[in-house]
Amino acid sequence: MGKGPGLYTEIGKKARDLLYKDYQTDQKFTLTTSSPTGVAITSAGTKKGDLFLADVNTQLKSRNVTTDIKVDTSSNASTSSFMYKFEFLVEISLLPLFTTITVDEPAPGLKAIFGFRVPDQRSGKIELQYLHEYAGISSSIGLTANPIVNFSGVLGTNVLALGTDISFDTKTGNFTKCNAGFSFTNADLIASLALNEKGDSVNASYYHIVNPSTN
């Protein structure tokens, strides 16, 4: 077990991964190539019935800065039209580019994440994460005139942790999300309880290693 309680998203994550992660009902392939300079390119394709979806992800690493650029063909392409004086129309379809820039530890325990989507000018978001021996904090804000502000915080240790996750809409002045949860972790079990949807729903999970593998 690592030091500190981690972030709020890690509460109940082990059980969620056991239920949902890497379960594929469709045909999927992934191909990754990398270079000594820190560039990695991953191509993935998924066949859903007669439909084939593909995306390409490029990752560049330079010291403590990681840049991820993803082209997703399953998203709706934007179309730009240009009318020239010779009266013919040219249309160019642009697939969205999802870009994430991560700066790891500009200060001890801190991580900065900047994400945006091209050509959507309102999709920019900045997130700051801070990990401490007894706390984990994450805060993000959209780069718009009336952004949604997200904040989550966890206090405790790597054994017992208690946290909250809230979102505030600056345009309406309302809290759009208000969750709380706690988790208990030891060598062979993880138990968690979360109060979600402003108290309207309760999620509980229990992860227990019954027969650990041995060498």
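The values are calculated or read from the model by the stated rules, or taken from the named source; none is laboratory data. This one's a predicted model, so the numbers in the text were calculated from it and none came from an experiment. Glycine also receives a Cβ, built like all others from the backbone with ideal geometry; neighbour counts cover every protein chain displayed.
If we scan region 184-195, do we find a residue that is closer than 26 Å to G124 by Cα, surrounded by 11 or more Cβ atoms within 10 Å (Cβ to Cβ) and among the hydrophobic types (A, V, I, L, M, F, W, C)? There is no residue in region 184-195 that is closer than 26 Å to G124 by Cα, surrounded by 11 or more Cβ atoms within 10 Å (Cβ to Cβ) and among the hydrophobic types (A, V, I, L, M, F, W, C).
Find all pairs meeting these conditions: Cβ atoms under 6 angstrom apart; at least six residues apart or on different chains; first residue within region 190-201 and at positive phi; second residue surrounded by 12 or more Cβ atoms within 10 Å (Cβ to Cβ). Note: pairs meeting the criteria are K198/C178. The set of residues from region 151-161 being touching a residue at least 24 places away in the same chain (Cβ under 8 Å) and under 20 Å from N179 (Cα atoms) comprises S152, G153, V154, L155, G156, T157, L160, A161.
Only one of the numbered conditions (1) within 30 Å of L128 (Cα to Cα); (2) under 22 Å from the mean Cα position of the chain (by Cα) is violated by F29, and that is (1).
Residues of region 174-196 that are of a type outside the set (S, T, Y) and over 23 Å from H208 (Cα atoms): N174, F175, K177, C178, N179, N196. Screening H208 against (1) loosely packed, with under 14 Cβ neighbours inside 10 Å; (2) over 19 Å from Y20 (Cβ atoms) leaves a single unmet condition, (2).
For region 105-124, state whether one or more residues are surrounded by 13 or more Cβ atoms within 10 Å (Cβ to Cβ), among the aliphatic types (A, V, I, L, M) and over 18 Å from the mean Cα position of the chain (by Cα). So far as region 105-124 goes, no, none of its residues is surrounded by 13 or more Cβ atoms within 10 Å (Cβ to Cβ), among the aliphatic types (A, V, I, L, M) and over 18 Å from the mean Cα position of the chain (by Cα). When the residues of region 138-148 are narrowed to those that are of a type in the set (S, T, Y) and crowded, with 17+ Cβ neighbours inside 10 Å, which ends up nearest to S183 (Cα to Cα)? Per the stated criteria, the residue is S138. Summed over region 30-50, the residues that are loosely packed, with under 10 Cβ neighbours inside 10 Å and either at positive phi or touching a helix residue (DSSP H, G or I) at 6+ places or on another chain (Cβ under 6 Å) (or both) give a count of 1. Note on region 162-200: residues that are small (G, A, S), over 26 Å from P147 (Cα atoms) and over 21 Å from the mean Cα position of the chain (by Cα) total 2.
Selection within region 118-137: residues that are hydrophobic (A, V, I, L, M, F, W, C) and farther than 26 Å from F182 by Cβ. The member of this set that is modelled with the highest pLDDT is I126. Taking region 163-177 as the range and being at negative phi and free of Cβ contacts under 8 Å to residues at least 40 places away in the same chain as the test, the residues that pass are I166, S167, F168, D169, T170, K171, T172, N174, F175, T176, K177. The listed residues are N146, N203, N158, and the only one of them that is part of a strand (DSSP E or B), more than 20 Å from the chain's Cα centre (by Cα) and of a type outside the set (F, W, Y) turns out to be N203. Only one of the numbered conditions (1) of a type in the set (A, V, I, L, M); (2) exposed (fewer than 13 other Cβ atoms within 10 Å of the Cβ); (3) under 20 Å from A135 (Cβ atoms) is violated by V154, and that is (2).
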